[in-house]
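Down below is the structure, laid out as structure tokens.
Bear in mind these aren't lab numbers, they're just calculated from the coordinates by the rules spelled out. Treat the numbers as computed from the prediction; the structure is a model and nothing was measured. Heads up, the Cβs are rebuilt from the backbone with ideal geometry, glycines too, and the neighbour counts pull from every protein chain shown.
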Amino acid sequence: MKEIDLDGDGSSSAATGQLPRLAVRRACKKNLRTALGGVILGISLVPVASWASQPPCDLLPPAMAPSAPEREITALDLARLRDFGGMQFDTYPGPPAALSPDGRHVALQLRRGDPSSNRYCTGIVVKETVGTAPPRIVADGGEIIRLSFDKYGFSGLVSGAPVPSVLRWSPDGRRLAFTKAIGGLMQVFLVRPDGSGEAQLTRSPVSIDDFQWLPGGAAIVYASRPALLDEERRIDGEAPSGWRYDVRFWPIAGGRPHPPSSTPSRIDVIALADRTPRPALSAEGLVLAPDGTPGWPASATQVLPVGGGTDRAWLAPVDPSALFKPNVLHVSMNGRELPCPQSACTDVVGLWKRDPRTILFLRRQGVARSEMALLSWDLGKGAPRVLHTTIDPWLGCQLGPIELVCAAESDTAPRHVIGVDAGSGRVRTIYDPNPEFAAIRLRRPERMAWRNAFGIETFGDLVLPSDYRPGHPAPLIVVQYDSRGFLRGGTADEFPIQLFAAKGFAVLSFNRPPWYGLQGPPLDLFAFLKANQKDWSDRRSVQSSLEIVVERLIARGIADPARIGITGQSDGATTATFALVHSRLFKAVALSTCCEEATMMANLGPGFEDWYARTGYPRFNEDRRGFWKEGSLVPNLGDLPPVPLLIQAGEEEFRFALPTYAAAKNAGWPTEMYVFSGEGHVKLQPAHRLAVYERNLAWFQRWFKPREGASP
């Protein structure tokens with residue numbers, strides 16, 4: 001099942017291009033009632049299962065970083081890494097680390113997996129932005145629940161990535177409001193920054209999706225989807241006479257229909273004084289969805305008052321009818337728009353006001369938008385000036401009195417909190433949740449960039465093995481399909497890059513090229529998807545990029561052509577199987593989802609078939625064997641040399657892999673599949689994550705370094 005990065009910034013909008021919306025939790029134990037969850041503005045939170053906090057849980061690191069000598073990384077280091085925010089770089093309500101109004105504190109929900117107990121420990125952590133005072137846990141962080149989204153006409157398609165808390169400070173900074181999962185539902189809680197006065201504010205029968213403080217701080221406005229409960233009751237009412245099989249079904253995950261994706265959200269207000277929710281007034285609802293504010297520029301995604309009167313700066317696509325086009329910065333002062341150089345003011349992703357005459361903005365630039373640049377513009381005094389450029393992703397930036405505060409990662413540094421001086425662009429670390437990693441030997445990558453046969457640029461990061469010697473080719477593993485930030489395990493974090501390198505493998509962290517359908521004129525969603533699918537154009541573009549860089553590594557004497565492996569999850573799995581059909585470069589493969597083939601058009605439900613048919617796929621009963629001959633392993637197995645194939649799939653998706661598994665096994669391919677209970681598209685449980693890391697390493701050791709390998 002494919003995913004499409006519509007924004008090109010590493011955020012994966014799940015499953016072939018539709019932005020995820022809201023969804024419903026499915027509980028499948030006897031009479032357990034359905035609990036619901038979601039997030040407006042494009043992300044949905046679905047507590048299909050949860051793993052509770054487990055105190056005492058060693059959540060905070062020692063006060064001092066360990067002084068032990070450098071050592072090699074282990075799978076357990078990665079499985080127990082402290083995380084906050086979303087799993088990748090998706091856009092969630094609220095920043096990963098919330099800055100207080102006075103700029104003195106940041107707050108985040110920290111989580112850490114414990115594979116031995118298969119549980120998470122979590123905490124709401126507050127850290128001062130200045131000084132050496134250690135962070136403090138001010139509240140329990142609640143359960144870890146799974147992300148899901150709407151698609152194919154129904155709610156509740158499980159992604160499985162962890163749902164982060166939404167954290168927002170009160171206007172006076174005296175309280176922190178945050179969402180916390182209790183019993184599988186996200187509720188709003190309050191706590192003071194010293195950890196006192198924790199209280200549950202909402203007691204909603206469904207998850208709170210997003211919230212904001214109303215001006216003055218006396219009440220909170222929030223969004224939820226209570227209508228999903230009514231839909232579930234309707235489904236219960238149909239059960240005695242049997243459910244009609246229709247677009248509400250996702251058969252690979254279960255036999256119960258899902259509520260429709262069209263189920264609306266509702267906006268409510270709850271006052272801190274009486275804690276009785278009521279429907280929000282239209283003006284109050286604008287706090288959550290400001291694009292309805294009178295005078296809001298057409299198609300604007302962010303508006304910022306500057307100067308005085310009606311002066312403002314805003315972000316909007318240059319062509320509102322264009323699909324997935326980046327935003328352009330506009331500034332209007334004294335009734336006229338200020339000119340801004342296209343080279344500086346396109347592809348802007350964030351905008352802040354430093355003072356009435358100065359704005360800061362963050363934009364993407366470089367090969368395949370692989371860099372970020374922070375610029376400052378003194379309005380009316382020439383062009384913007386660059387303060388800082390980086391290949392590191394900066395997430396959820398907020399401007400304080402002196403600094404821009406962001407969550408950040410680098411290729412060798414897990415997610416942390418940084419401060420960027422608003423005048424000089426100087427960067428400092430405010431909070432590193434994983435200081436122990438300073439004692440772990442991590443290999444710095446070589447950034448590579450190239451064009452494919454279609455003229456489309458992309459990039460990748462080459463990590464050489466610990467024992468690499470020039471002139472002695474090493475086994476190479478390709479990890480996909482996003483290479484921004486900490487080189488941990490690729491998209492969905494299952495293929496441990498630094499661990500592979502520590503065990504003697506060269507690793508190419510491959511960033512898939514931008515979608516082929518974006519190269520032409522503006523298109524609507526399904527025209528864009530058809531442009532990608534026509535003649536397998538997008539897949540051929542990815543294959544071209546992949547072949548060029550792998551052959552370059554062979555020519556440089558880095559990669560041993562007899563020992564090249566490929567990995568993949570979701571879109572990356574489709575890339576891997578397409579590569580097996582169309583090249584002979586790869587001698588072993590490990591997948592976490594699998595695989596496209598003809599029967600999926602019937603097995604994955606009517607909604608799935610309708611969606612894919614609109615993108616150019618043949619329906620189940622169409623005789624288009626040539627189509628599947630180009631894109632599927634199954635009809636090609638008799639013509640291909642056997643390649644060892646490992647599949648590690650979640651319980652809710654492994655049936656998708658069964659036709660390919662059986663066909664490969666019957667064709668004599670060395671094939672193994674493992675199924676992980678309670679997992680969906682992305683594996684969340686700590687014990688499973690550790691097992692996946694270790695088995696993927698053992699798989700490639702078995703086929704490429706048999707003297708060192710253990711049994712997978």
Residue order, fewest to most surrounding Cβ atoms within 10 angstrom, among Lys534, Lys587: Lys534, Lys587
List residues of the range 131-147, by number, whose backbone nitrogen lies under 20 Å from a label position 7 Å along Cα→C-beta of Arg275. 138-143
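Once you sort the root eigenvalues of the Cα gyration tensor of the chain as a ≥ b ≥ c, which label holds: rounded (a/c under 1.5), prolate (a/b larger than b/c) or oblate (the other case)?
On the way: a/c = 1.39, a/b = 1.24, b/c = 1.12.
It comes out rounded by the Cα gyration axes.
When the chain is fully extended, how far beyond the present Cα-Cα distance does Ser117 get from Arg266, taking 0.36 nm per residue of separation?
Contour length minus the Cα-Cα distance gives 49.8 nm.
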Ranked highest first by average number of other Cβ atoms within 10 Å, how do 79-90, 632-643 line up? 79-90, 632-643
Just to be sure I understand: of the beta bridges DSSP finds with both ends in the chain, what percent are antiparallel, rounded to 5? 85 percent
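Output the antiparallel fraction of DSSP beta bridges having both residues in the range 441-704, as a percent to the nearest 5. Could the numbers behind the result be given before it?
Working: 11 of 32 bridges.
Of the beta bridges lying entirely in the range 441-704, close to 35 percent run antiparallel.
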Approximate spin-label separation Ile548-Arg234, in nm, with each point projected 7 Å along Cα-to-Cβ: 5.0 nm
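For the range 648-712, which trypsin sites (Lys or Arg not before Pro) are both in a DSSP coil and crowded by at most 16 other Cβ atoms within 10 Å?
Listed in order of number, the matching sites are Arg707.
Glu708 to Ser343: extension gain in nm, 0.36 nm per residue of separation minus the Cα-Cα distance?
126.3 nm
Which of the three applies to the range 139-193, rounded, prolate or oblate, going by the alpha-carbon gyration tensor with a ≥ b ≥ c and a/c under 1.5 meaning rounded? Mind dumping the intermediate values first?
Working: a/c = 3.43, a/b = 2.26, b/c = 1.52.
Judged from the Cα gyration tensor, the range 139-193 comes out prolate (a/c at least 1.5, a/b above b/c).
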Any idea what % of Cα-Cα pairs in the range 108-250 are farther than 27 Å? 36 percent
For the range 540-574 and the range 312-371, compute the distance between their C-alpha centroids and round to whole Å. 36 Å
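Quote the FRET efficiency, to the nearest 0.05, computed for Asp610 versus Asn666 with a Förster distance R0 of 45 Å and r equal to the Cβ-Cβ distance.
Numbers: r = 31 Å, r/R0 = 0.69.
Computed FRET efficiency for Asp610 and Asn666: 0.90.
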Could you work out Rg/(2.2 N^0.38 Å) for the range 441-704, with Rg from alpha carbons only? 0.98
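If exposed means no more than 12 neighbouring beta carbons inside 10 Å and the site is in a DSSP loop, what's the longest run of the chain without any exposed GluC sites (Glu not before Pro)? All intermediate terms of the calculation are to be shown ahead of the outcome.
On the way: sites that count: Glu70, Glu622, Glu708.
In the chain, the maximal stretch lacking such sites is 71-621.
Test of understanding: ordering Thr412, Thr132, Thr122 by Cβ neighbours within 10 Å, fewest first, what list do you get? Walk me through the intermediate numbers first.
Details: Thr412 16, Thr132 6, Thr122 30.
Result, fewest neighbours first: Thr132, Thr412, Thr122.
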Distance cut-off 22 Å, Cα to Cα: go down the list Lys530/Lys629; Lys629/Lys705; Lys587/Lys665 and report the pairs above it. Lys629/Lys705
Treat each spin label as a single point 7 Å out from the Cα along the C-beta direction, and report the Thr310 to Asp378 distance in nm. 2.8 nm
If each residue's Cβ is checked for other Cβ atoms within 10 Å, how do Asp236, Asp623, Asp482 rank with the fewest at the top? Asp623, Asp236, Asp482
In this structure, among Lys127/Lys381; Lys325/Lys534; Lys180/Lys683, pairs with alpha-carbon gaps over 30 Å are Lys127/Lys381
